[in-house]
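So the structure is just underneath, and the comments pick up after that.
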Amino acid sequence: MSGSPPPTGGFVRRVGLFQATAINMSQMCGIGPFVTIPLMVAAFGGPQAVTGFVAGAILALCDGLVWAELGASMPGSGGSYVYLRQAFQYRTGRLLPFLFVWTAMLFIPLILSTGVVGFVQYLGYLAPGLGPAAGDLTGLAVIALVVLLLWRGIERIARITLVMWAVMIASVLLVIAAAATGFSPHRAFAYPAHAFDPTSGHFWPGFAAGLTIGVYDYLGYNTTAYLGAEIKDPGRTLPRSIVLSVLGIMAIYLLLQIGTLGVVDWHRMTDPHDIASTSVASAVLEETWGRGAADTVTVLILVTAFASVFTGLLGGSRVPFDAARDGVFFRPYARLHPRHRFPPVGLATMGVITAVGFLIGRHTDLLTLIQLLTTVMVVVQALAQIVALGVLRRRRPDLRRPYRMWLYPLPAVVAFAGWCVVYGYADRNSPGRRPVEWSLAWLALGCAAFVAWAWRERVWPFGEKEISEEYAALEASAG
């Protein structure tokens, strides 16, 4: 029956639709739009930057429908790992699932590290004298606190998440309300000449950069898929939480972007010495309601940034659990805390990598971090998972599917094309950083790690056809 408990000793299904949507939205919104609006404006060269948020929403929604069908059919605790294993086990055995977990152990913490970078940026508005060293130590302390708070049972975490979600909604609505009181249509829609000219040499690179930033802002719509083994009635809850969170955040982002552009001149956002380039929401409040209101809302934004890291690490730490339990990743990741039933090794590992990613972002720039994390995730997760949807429809027509993608395969095709654009323009939009090369290097290192792991476990990686007893039980309990 849908929502029945997983195997004895495993996770407990205690997260309902409202909590699941809140978890997704907290991870999606977080600090993202508050730090990327200036990046988006710089990429497009004007207020037409709103196009990037629209394009990102379309890609997130189409890709979210892929997650919705796969997550409803196979609500395990590993997200993509579960889907890739079931789709490709007959051709590549353990290889592709292993590589997904390997890349996820990097790109998920990198996503979280951008939230910590944003946290320190906005903290700089309240404490202008915060130096580089103090900022680094503050960010590391935030990560340590998140790990400490997550070292407990899921039912307590769900309650904490709801409080943080409420603060996130309050901070966003206050910025939108403040922007509405000082909104200037002329300022918001003062497009430069040839802003939408597709024949211009700057349009498509700007669009690709904007799409990358936009979809980064929506990342997190799939967080509940990583928590599939802890979701009540997953066959109904997972698809609804994904769609509702994407549509809700899309509306919030458009209001936030347009409102901000109607208060703060977009040229200020491209000036690295202007507060609008690092703390644009604080600049909006300062222009409209004064410094006191700006300080208050900045505090709320700090809580929002903290919430995004909190919920992201909550879901991400579950990724290696299923893989390790099924013998497709390193064994220590299969252990659960004896009392609180969470994976301590996965949580600790991702906490450390988040800290490293934060330091990289602090000493390069935020856009480089965004380009790196998107290129790392594209090949093994985004593109392979879209292919997995088609493979499973063909190879497993008997698989129980409580939700089937609307207008299949159109959303999958749109998502595939969007991810290809993100990957194809990555090096051009991050000159000198070579994120594509770094992503391929990490993938090659993962292949080497796989060979070493397979040799140690004395398993041959190809031709596997069995499904573990644990996964079969999870599949039987799906909605």
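Look at the alpha carbon pairs under 8 Å that are at least 6 residues apart: their mean separation over the length of the chain gives a relative contact order of 36 percent. Ordered from largest to smallest accessible area (heavy atoms of protein chains, 1.4 Å probe), the residues His186, His363 come out as His186, His363. Computed over the alpha-carbon atoms, the chain gives an Rg to Rh ratio of 0.96, Rh here being the Kirkwood radius from the mean inverse distance. Applying 0.36 nm per residue to the separation of Leu254 and Val356 and subtracting their alpha-carbon distance, the gain on full extension is 33.5 nm. Ile169 contributes about 40 Å² of solvent-accessible surface, heavy atoms of the protein only, 1.4 Å probe. When the solvent-accessible area of the chain is split by element, carbon and sulfur atoms take up 66 percent of it, the probe being 1.4 Å. Counting only alpha carbon atoms, the long axis of helix 17-29 and the longest principal axis of the chain meet at about 50°.
Overall, the stretch 346-412 carries a charge dipole of about 540 debye about its Cα centre when +1 sits on the Cβ of Lys and Arg and -1 on the Cβ of Asp and Glu, all other atoms neutral. What does the accessible area of Thr349 come to, in Å² to the nearest 10, when a probe of 1.4 Å is used? Here the residue's solvent-accessible area equals roughly 40 Å². Once both axes come from the Cα atoms, what is the angle between helix 344-363 and the longest principal axis of the chain, in degrees from 0 to 90, rounded to 10? Approximately 30 degrees, to the nearest 10. Treating each Cα of the stretch 19-146 as an identical point scatterer and summing with the Debye formula, the log10 of I(q)/I(0) at q = 0.10, 0.19 Å⁻¹ comes to -0.49, -1.21. The radius of gyration of the Cα set in the stretch 193-262, together with its Dmax, comes out at 16.9, 52 angstrom. Within the stretch 251-358, the ratio Rg/Rh, alpha carbon atoms throughout and Rh by Kirkwood, equals 1.19.
Computed from the C-beta positions of Val163 and His363, the FRET efficiency with R₀ = 35 Å rounds to 0.60. Rounded to the nearest 500, the 222 nm mean residue ellipticity of the chain from helices alone is -23000 deg cm²/dmol, with -39,500 (n - 2.57) taken per DSSP H run of at least 4 residues. Name the longest site-free stretch of the chain, where the excluded sites are trypsin sites (Lys or Arg not before Pro) in a DSSP loop with no more than 12 other beta-carbon atoms within 10 Å. That would be 1-338.
Over the residues of the stretch 97-246, compute the C-alpha Rg and express it relative to 2.2 N^0.38 Å. Taking the Cα Rg and dividing by 2.2 N^0.38 Å, one obtains 1.35.
For the stretch 157-298, a Kirkwood radius taken over Cα pairs fed into Stokes-Einstein (25 °C, viscosity 0.890 mPa s) yields D = 140 µm²/s. Between Glu437 and Val299, the FRET efficiency from the beta-carbon distance, with R0 = 30 Å, is close to 0.15.
The mean accessible area for residues of the chain, using a 1.4 Å probe and ignoring ligands and nucleic acids, is 37 Å² per residue.
Model label points for Val54 and Ala452, set 7 angstrom from Cα along the Cα-to-Cβ axis, are 4.9 nm apart. A Cα-only calculation for the stretch 393-451 places Rg and Dmax at 17.3, 49 Å. Measuring r between the beta carbons of Arg291 and Leu148 and using R0 = 51 Å, the FRET efficiency lands at 0.95.
The values are calculated or read from the model by the stated rules, or taken from the named source; none is laboratory data. Keep in mind that this is a model prediction, so the values were computed, not measured. Positions of Cβ are generated from backbone atoms using ideal geometry, with glycine treated the same way; all protein chains shown enter the neighbour counts. Surface areas here come from the heavy atoms of the whole protein model, side chains and all, with no ligands, DNA or RNA. Shrake-Rupley method; radii C 1.70, N 1.55, O 1.52, S 1.80 Å.
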